[in-house]
Amino acid sequence: MSRRSDEQARHGGGEYRHPSDSDGGSSREFRRHGFGSAILGLGVLTLGLVMLLDNFGIVNGEDLAAYWPVFLILVGVSHLVRPEGSRRVFAGVVWIAIGAVVLLSNLGYISFEIWDLWPVVLLLIGGRLIVRPFISRRLPTGENIGVFEATAILGGANRRLSAANFQGGDATALLGGCEIDLRDCGSEGGPAEINTFAFWGGIHIRVPQDWEVEVRGLALLGAYEDKTRSTPGEGRKILIIRGTAIMAGVEINN
């Protein structure tokens, strides 16, 4: 049996399309996935070139030092140009805004102290709470459906689920903590998604060993920590963690 026929048999007898086929779809998809990192690479390349020219006395690096926030703007752009499904619009806008404000300050167009921006934290909290019901993925409701909602404000919220097909949920911690235990859930169904928001608090999520976790959250003076140790194998359920952690932490383990 030829290699192509063997590959076709392993794919259930359907038509097998090699990545190098003439349609070029897979290569275009690869380029889309790598476009964000290419933008960051352009920023690093430019920085290295400027430092090299400065060492040889061709340019004055100190005159260009004020433009370093452009790198933050490029970080934001790299979040926006990712393919659908992994795009981080909120994170991209935040990085672009931070870079633009610092750049304008370095160029003398505006003047501010870092502590002048603390009300922005309240704006982020209020905006997140307002828009979350509209941007969250619509989840099914009813008995024996694997969904949850947990909100902890100056306190704690504990949720433990046991469902064959876990769908997702929302966890919010404001000066409090959320404990989400999903270890008794099964691996049926497609990807699940948990939206998180933590401010001066913490969210702890426990997942089964055979789940694969993808963290897509934005941490501002905080952290998203994926401490899971998943077992290898096919058919693992995918859990996507989204959201924002401001001076807070979101931890996922099993």
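The values are calculated or read from the model by the stated rules, or taken from the named source; none is laboratory data. Worth saying up front: this structure is predicted, and the values here are computed from it rather than measured. Please note: Cβ atoms are built from the backbone with ideal geometry, for glycine as well, and neighbour counts cover all protein chains shown. The area values use the complete protein model at the heavy-atom level, side chains included, leaving out ligands, DNA and RNA. Shrake-Rupley method; radii C 1.70, N 1.55, O 1.52, S 1.80 Å.
Taking the listed residues VAL120, VAL89, VAL75, VAL59, the one that is of a type outside the set (Phe, Trp, Tyr) and open to solvent by 70 Å² or more (accessible area, probe 1.4 Å) is VAL89, with no other qualifying. Considered as a group, the residues in segment 168-192 that are more than 18 Å from GLY155 (Cα to Cα) and open to solvent by 30 Å² or more (accessible area, probe 1.4 Å) include one that is farthest from the chain's Cα centre (by Cα), and that residue is ASP184.
Take LEU103 and tell me if it is out of contact with any Phe, Trp or Tyr (no Cβ under 6 Å at 6 or more places or on another chain) and open to solvent by less than 40 Å² (accessible area, probe 1.4 Å). So that I can check it myself, show each step before the final result.
Details: out of contact with any Phe, Trp or Tyr (no Cβ under 6 Å at 6 or more places or on another chain): yes; open to solvent by less than 40 Å² (accessible area, probe 1.4 Å): yes.
Criteria met by LEU103.
Which residues, taken from segment 167-203, are closer than 16 Å to GLU225 by Cα and polar (S, T, N, Q)? Matches in segment 167-203: ASN195, THR196. Kindly indicate the residue of segment 235-254 that is part of a loop (DSSP other than H, G, I, E, B) and at negative phi and also most open to solvent (accessible area, probe 1.4 Å) among those meeting that condition. The extreme case among them is ARG236. With the requirement that a residue be modelled with pLDDT under 70 and outside any helix (DSSP H, G or I), what does segment 89-136 give you? Scanning segment 89-136 gives a single hit, SER136.
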